[in-house]
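> First, the structure itself, so that you have it in front of you.
The values are calculated or read from the model by the stated rules, or taken from the named source; none is laboratory data. These numbers come from a predicted model, not from an experiment. Glycine also receives a Cβ, built like all others from the backbone with ideal geometry; neighbour counts cover every protein chain displayed.
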Amino acid sequence: MGGVKKGKSSSKSKSSKSSKDSKPKDLKQAQPTQDEPTNQVPPQERVALVRPYWETLSHEQRVDLLTLDVEFLHQRAVEVTTKTQKQLAAEEAEAER
């Protein structure tokens with residue numbers, strides 16, 4: 001069962017070829033979007049800040065604050081999707097250059 005063994009030199013030549021053919025990837029740093037605050041307060045501190053105000057509200061006021069309009073959510077989802085699709089199309093167009 002004397003199969004052909006590959007030496008280290010053959011594996012090195014493959015890796016050197018693949019590194020020549022590969023293009024360097026553009027690494028973009030994550031930029032905060034408008035939806036994400038740049039300075040986030042830890043959850044425990046946020047609760048401590050909000051709790052006194054929250055406890056002064058009636059049940060109806062709390063429900064009103066926690067209720068979201070489905071149509072608003074749908075519109076926002078469409079906006080975000082459209083923006084993302086445009087951004088991807090622009091990145092693809094630039095990558096083709």
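> If a residue must be loosely packed, with under 10 Cβ neighbours inside 10 Å and either β-branched (Val, Ile, Thr) or assigned to a helix (DSSP H, G or I) (or both), how many such residues does the stretch 66-91 contain?
Within the stretch 66-91, residues that are loosely packed, with under 10 Cβ neighbours inside 10 Å and either β-branched (Val, Ile, Thr) or assigned to a helix (DSSP H, G or I) (or both) number 5.
> Same structure again: Restricting to the stretch 28-65, and then to whatever is part of a loop (DSSP other than H, G, I, E, B) and at pLDDT 95 or above, can you tell me which residue is surrounded by the most Cβ atoms within 10 Å (Cβ to Cβ)?
Keep residues of the stretch 28-65 that are part of a loop (DSSP other than H, G, I, E, B), which gives 28-42, 57-58.
If we keep only those that are at pLDDT 95 or above too, we end up with 57-58.
Numbers: Leu57: 12, Ser58: 8.
Among those residues, the one meeting the criterion is Leu57.
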